[in-house]
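Step one of this worksheet: look at the structure below.
The values are calculated or read from the model by the stated rules, or taken from the named source; none is laboratory data. Predicted model only: the values in this text are computed from it and were never measured. We place every Cβ from the backbone using ideal geometry, glycine too, and count neighbours over all the protein chains shown. In case anyone asks, the SASA skips ligands and DNA or RNA and just uses the protein heavy atoms, side chains included. Shrake-Rupley method; radii C 1.70, N 1.55, O 1.52, S 1.80 Å.
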Amino acid sequence: HSAELSYRRYWLGYNPRISGTLLAGFRYIQLTEDLNFDATANIGTAISPIISTGNILWAATNDLAGAQFGGDVWITLRQGLRFGAEGKAGIYNNRFFYKHSTSLSNFSNVDFASDGNQVAFAGQSSIDLVADILPSFSLRAGYQVLYLSSLATVGNNIDPNNAASTQVLATADAVYHGFHAGLEYIW
């Protein structure tokens, strides 16, 4: 999840075909993930079955809040068709919570939780193409990348050699990217 409150200042280039905005503001990003592994095994024989069950849970929540700065630039390719690029980045406080629990037959079980605060970075950039269909409606398509650092993630904390590990690593990075398309209405 992501929410932001920003102030944008519009600027116009020497050539009116080039314009953009500068922004400064506050942003909140929440990243949550969990992995729950359940297993059942028959470790006996057909005559005397012995059923063994197990459960391992990893869960992490990262709440990033802080200041961001950035801007965008737009170039009018022709009347009604614009190409733009946007970038914004910020330094955040990452309030993370991590939980790991195990319930395994014939093993000592773990119920571990940890939380903390640390400095994190988030950067986002995108490129877009906007085509005006009507004065208030446009088609918009582009590509976007979001990068987050200094996270406590599930994948970074799974120790394949020790299912009962109680160590927390809050140094993971995450990159999300993809294409987007949609309609834009301006009033």
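Across segment 169-187, what is the total count of residues that are surrounded by 11 or more Cβ atoms within 10 Å (Cβ to Cβ) and either among the hydrophobic types (A, V, I, L, M, F, W, C) or touching a residue at least 60 places away in the same chain (Cβ under 8 Å) (or both)?
The qualifying residues number 4.
Which is closer than 20 Å to A65 by Cβ, of a type in the set (S, T, N, Q), under 14 Å from the mean Cα position of the chain (by Cα) and part of a strand (DSSP E or B), of N94, N117?
Every option except N94 fails the conditions.
Out of the residues in segment 145-161 that are farther than 28 Å from Q68 by Cα and of a type in the set (S, T, N, Q), which is modelled with the highest pLDDT? That would be N157.
Residues of segment 2-41 that are of a type in the set (F, W, Y), touching a residue at least 12 places away in the same chain (Cβ under 8 Å) and open to solvent by 90 Å² or more (accessible area, probe 1.4 Å): Y7, F26, F37. For the condition among the polar types (S, T, N, Q) and not in a strand (DSSP E or B), N55 does not qualify.
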